[in-house]
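Working notes, structure below.
Values in this text are rule-based calculations from the coordinates and carry no lab data. All values reported here derive from a predicted model rather than from experimental measurement. Every residue, glycine as well, gets a Cβ built from its backbone with ideal geometry; the counts of neighbours run over all protein chains shown.
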Amino acid sequence: MSSFEPKIVAFLCNWCTYAGADLAGTSRYQYPPNVRVIRVMCSSRINPAFIINALLEGADGVLVSGCHPGECHYTSGNYMARRRLVLLRRMIEYMGIHPDRFRMSWVSASEGAKWADVVKEVTEAVKVLGPNEIKREQAWMQPSL
Amino acid sequence: MASKRIGVYICHCGVNIAQNVRIDELRQFAAGLPGVRVAQNYMYMCSEPGQEMIRKDIAENGLNRIVVVACSPRMHEPTFRNAIKSAGLNPYCLEIANIREQCSWVHKDPDVATAKAKGLLAAAVTKVALLEPLEEREVPVTRSAMVIGGGIAGIQAALDIADSGFKTYLVEKEPSIGGHMMQLDKTFPTLDCSACILTPKMADIKNHPNIELLAYSEVTDVKGFVGNFKVTVRRKPRYIDETICNACGTCASYCAIAIKDTFNEGLSKLQALHIPFPQAIPAAYVIDPLACRYTREGTCRQCEQVCKELNAINLDMQEQMVELDVGTIIVSTGFQTFDPNRKPELGYGRYDNVITGMEFERIVSASGPNQGQLLINGKKPEEVVFIQCVGSRDKTVGNEYCSRVCCMYTAKHAHLVREKLPDAKITIFYIDVRAFGKGYEEFYDRVKGEEVYYRRGNVSEVYRKGDKLICRAEDTLLGQAVEVPADLVVLAVGIEPAAAARDLGRQLKLSNSPDGFFLEAHPKLRPVDTGSDGVFLAGCCQGPKDIPDTVAQASASAAKAVIPLARGTVKTETMVARVRAEACRACGYCVDACPYDAIELGEIQLGRVRKTVATVNEVLCKSCGACSAVCLSGAIQQSGFTDDQLLAVIGAIGKEY
C-alpha cells in the first residue's frame, strides 16, 4: 500500500485556481505529481458525467477547484457547480465508490501556497483510500498500445 | 472531414523546463502519437525563431492543428494564436500543454516530471484533434470611459483620458473630489504643499470639456463587457443645486446643527449645511441628511429663507439614478487608514494626546482646526514620540504587508515638529526605515540631522504617568527596555483598502490579493489590468503607494483604458456556446443557467420543420460553459470545451505512457 501512487484528475477554473496553480509554479512551491490538471473556463462547466467518467477510466481521485464563493469570474458559476457536485458526491457513494475520492476546493488566483497545500492534502487522503474500486477494462492503468 | 495533421512543439524554456523534463524523450513520445506529423523542440518557442519554426511547418507540411508544450496558456496563448494566424491557420486550432508552471517548476524528479509531461502532452494532442476553427468577431466600442474614485489617482486618470479626446465620467462618492491628498499638509520629500499641487488639477477637472463630474454619487450596478459597459450611478441629493450655488456660505452661518468635520478627522465641527473644504470641486455646499432638521423631522428650513437671490437650496431634492454607457472603467477608490482602536495598548481613544498621522496632518495644516499651530490641549508639546508600523507588518491585526508611505510621512512629521518647536524632544520608534524613492534617503538623512532620535523597537504600551504619557518599548539596538515620556504620541497608521469599495469590487468581478487590495492581472507585467477586460486599477486601491507612484499608475491606467476607445472596436468572445438545433429539445435549462441572459428560446426553421430551440446571443455570451453542463441533450456546447473534447482529454490524461 505504501508504494501506491494515486492518480488524481483535477478540473480547474481558468480565472482562479488555474491561475493560483500557475502562481504556485512561479513561486516554485513543490508538491506531489499525482494530480493532472484539465483546464476549464469555469467550474460551472463541469458536468457530473465528467467525474464519473474519470473514475471509470481509472482515476483514484477527482478534484474540482474554482473561485471562492462570491468571487466567480462569471458571477454565479461556482454556486451552480457547488450545488450540483454536492449532490454528485451522494450519488457516487451510492454507486459504491468512496465519496472522499471526489473533492472540491476553492483557490483564488493569488493563493499559490494554498494550491500546493490542497494537492498535498488530497493526494495524501486519496492514497489512504487505496486504488479505485471500479474501473473499465481499458483503464488508464493498462499500458497504452 | 479533413484528416488532422498535428504539429507538436516542445519548449525547453532555457532550463526552466529542460532541467526537470527530458525533452528528447518527450519529443519522441509525441512523434509516435496518432495524427502527429511533426514533433519539434526548441529553446524558446515563444521567441521569433520559435514562432517561425511553427509557421514554416504549417506551410511546408500542411499542418492544420498545433500543440505547444511549454509554459502556461495564461502566459502565451495569445502569442501562439497570433503566430499560427499569421501562417494562415485558424488561431483556434491550437492547444497548449502546461509543463512548466504545473510540472517542471513543481516536480524536481525528472522521472516523475517527464511521466506527467507525457500525460499532459497526450491530452493536448487528443484535444487538438477535436478542435474546430472558430470565427473572431469585432463589435463597436462606446468611446467614453468612467473613472470611479476622485482622489489624485482618479483625477490624473480622468485628465489623461479626457486629454486624449474621449468623454470621461468621474464618479466620486464624497461631495468633493480630492480624496485623502487634500487632507495632507506638506508632501515628502519636497515639502510641497499638498493642496497647492492638487487644486490646479481639480480645477482642470471642472473646466475640462471632455469630463463630466458626478460628485456625491456612487456606482450601484455594472452590466456589459469591455467596450460596452452599462453603469448605473446613484446621484445622492445635495439639497443644493450645484449648478446654481456660488459657495458664498451665507446659508451655512444660519444652520444651527453642528456635526463632526470628517475632513479634519473629527477634530473640529462644522454645520450640517457645509462645504467640505474651501477649495471643494464642485464648489457647492451640501446638507448632511442625517443631521439636518428638515430631512429628519420636517422643521427649520432657515437656509432656504436665506438663499433668496439664487434660490439654490431645494430641501425636497430626491436621489437620481443615472444609466451611463461607457467603453472602459478605471477603479481608483483609494484607501482608508488603519483604525488604531484595534491596538488598544497604544492608548488611542483613551488619551486625547495619542493621535494618528492623519490627525497630525490636520493639526499642522494651516487650514486645519488649529490654523497650523502645534498645540495639544492648548499647550505646545515638549516631548513628541512617533510610533511606526501601526497596523502594518502586523499579523495580530491581519495586515502583514508594509504600507510603504509611513516611514516617509513620519520623517516629514518629525521635520514639521522640529520646524514649529525648535526645542522639542523628538523620538521615532521604528522597525526598519524604508526610504526607497527619489530624494527619500536624502530627506531621511536631513531629518536625522535635525536631532530626531530614531530608536529601533516596537512600542508595547502607552500609559499615563502624572501629566505625561509613557511609551514602553524594547530598544533592540541597546538591548534594553525603555520608557520614553511624551506630551504627544503620533501613531503612523497604515493604509488599508477602502471598505466602501468592496461592493464595487464584486460588481466588477474584481479579485482581491491576500492583503485585501484589488488584484492586478499580473504582478510584474500587468500592474494596472485586472482579470476583467476593460476594467483597470489606479492608486492605493491596488496596493499602498505614495503620490508619485499613484500618479504614474493613474497615467498608465488611462493609457490602457484608451486603447479600446482609440481602436473603436473590440473582439468579442470567440469560444462562445453553440447550439445544434436538431438535438435541442427546448427544455430551457441552459437559459436559466446563463449568468448573462445570453440564451433565449425561439422558433427557427430547420429544413421543413419549424422548431423551438435555444439560440445564443454571441455578443453577450462570455463562454463560461454553464449552459453546456446542464444541457439534457448535449445540444448546446461551449466551443473549445465541448463534451466530446473534455471526455477525450479525461481518457488520455491519466494513462501510463
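So here's what we get for this one:
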| quantity | calculated |
| --- | --- |
| Summed residue charge, Cβ within 13 Å of B:ARG446's Cβ, Lys/Arg positive, Asp/Glu negative | -3 |
| Interchain or long-range residues, amide H under 5 Å from B:SER511's placed H | B:LEU519, B:GLY531 |
| Whole-Å distance, taken between Cα centres, linking the range B:544-603 and the range B:205-220 | 25 Å |
| Peptides B:521-530, B:94-103 ordered by average Cβ neighbours within 10 Å, highest first | B:94-103, B:521-530 |
| Cα-based shape type of the range B:450-507, given that a ≥ b ≥ c are square roots of the gyration tensor eigenvalues and the cut on a/c is 1.5 | prolate |
| Chain B: C-alpha gyration tensor shape, a/c 1.5 cut-off, then a/b vs b/c | oblate |
| Full-stretch length increase - B:LYS269, B:LEU191 - with 0.36 nm per residue and alpha-carbon distance subtracted | 25.3 nm |
| Distance between modelled label sites at B:VAL322 and B:THR299, nm, 7 Å Cα→Cβ extension | 3.6 nm |
| Inter-chain shielding of A:43-56 (mean C-beta neighbours from other protein chains, 10 Å cut-off) | 5 |
| Cut-off under 5 Å, modelled amide H: who pairs with B:LEU488 long-range | B:GLU383, B:VAL385 |
| Selection of chymotrypsin sites (Phe, Trp or Tyr not before Pro), the range B:422-511, meeting DSSP coil and at most 12 other Cβ within 10 Å | B:PHE436 |
| Inter-chain Cβ neighbour average for residues A:72-84, partner chain, 10 Å | 4 |
| Loop-resident sites, the range B:530-619, for trypsin sites (Lys or Arg not before Pro), counting at most 14 other Cβ within 10 Å (DSSP) | B:ARG580, B:ARG585, B:ARG608 |
| Peptide ranges B:67-74, B:469-476 listed from the most packed, as the mean C-beta count within 10 angstrom indicates | B:67-74, B:469-476 |
| Amide H contacts of B:ASN399 (H built 1.01 Å from N, under 5 Å, at least 5 apart or other chain) | B:ASP394 |
| Helix B:73-86 axis, angle to chain B major axis (alpha carbon atoms, nearest 10°) | 50 degrees |
| Helix A:17-26 vs. chain A, principal-axis angle (Cα, 0 to 90°, nearest 10) | 90 degrees |
| Per-residue ³J(HN,Hα) for the range B:398-414, Karplus 6.51 cos²θ - 1.76 cosθ + 1.60, θ = phi - 60°, Hz, x for Gly and Pro | x, 10, 7, 7, 8, 7, 6, 9, 5, 4, 6, 6, 6, 4, 4, 4, 4 |
| Efficiency of FRET from Cβ geometry, A:GLU5 and B:LYS524, R₀ 35 Å, rounded to 0.05 | 0.50 |
| At R0 = 51 Å, FRET efficiency that the Cβ-Cβ distance of B:ASP352 and A:GLU121 yields, to 0.05 | 0.50 |
| Per-residue ³J(HN,Hα) for the range B:202-210, Karplus 6.51 cos²θ - 1.76 cosθ + 1.60, θ = phi - 60°, Hz, x for Gly and Pro | 5, 5, 4, 4, 4, 8, 6, x, 8 |
| Normalised contact order of the range B:565-656, rounded percent, pairs of Cα under 8 Å and 6 or more residues apart | 34 percent |
| Calculated [θ] (222 nm, deg cm²/dmol) that DSSP helices of n ≥ 4 give over chain B, each run adding -39,500 (n - 2.57) | -8000 deg cm²/dmol |
| Links that overshoot a 27 Å alpha carbon limit, given the list B:LYS173/B:LYS545; B:LYS269/B:LYS425; A:LYS120/B:LYS655; B:LYS201/B:LYS545; B:LYS201/B:LYS622; B:LYS412/B:LYS468 | B:LYS269/B:LYS425; B:LYS201/B:LYS622 |
| Neighbouring partner chain Cβ atoms per residue of A:108-118, average, 10 Å criterion | 3 |
| Inter-label distance for A:LEU87 and B:LYS308, nm, one decimal - labels placed 7 Å from Cα along Cα-to-Cβ | 7.3 nm |
| Burial ranking of peptide ranges A:82-95, B:414-427, B:329-342 (average Cβ count within 10 Å, highest at the top) | B:329-342, B:414-427, A:82-95 |
| Spacing of the two label points (7 Å from each Cα toward its C-beta) at B:GLU136 and B:THR79, in nm | 1.7 nm |
| Under the Karplus curve 6.51 cos²θ - 1.76 cosθ + 1.60, θ = phi - 60°, whole-Hz ³J(HN,Hα) for the range B:312-327, x wherever Gly or Pro sits | 7, 8, 9, 6, 9, 4, 10, 6, 10, 9, 10, 10, 10, 9, 9, x |
| Gain on full stretching of the segment that runs from B:ILE563 to B:ARG608 - 0.36 nm per residue minus C-alpha separation | 11.5 nm |
| For chain B, with +1 on Lys and Arg beta carbons and -1 on Asp and Glu, the positive-most of B:SER532, B:ASN370, B:GLN318 along the dipole | B:SER532 |
| Paramagnetic reach from A:TYR94 (point 7 Å along Cα→Cβ, amide N under 17 Å) across the range A:41-60 | A:48-53 |
| Computed over chain B: relative contact order in percent, which uses C-alpha pairs under 8 Å that are six or more apart | 13 percent |
| Efficiency of FRET between B:THR396 and B:ASN207 - r from beta-carbon atoms, R0 30 angstrom, step 0.05 | 0.05 |
| Between the range B:367-417 and the range B:507-533, the alpha-carbon center distance in angstrom | 30 Å |
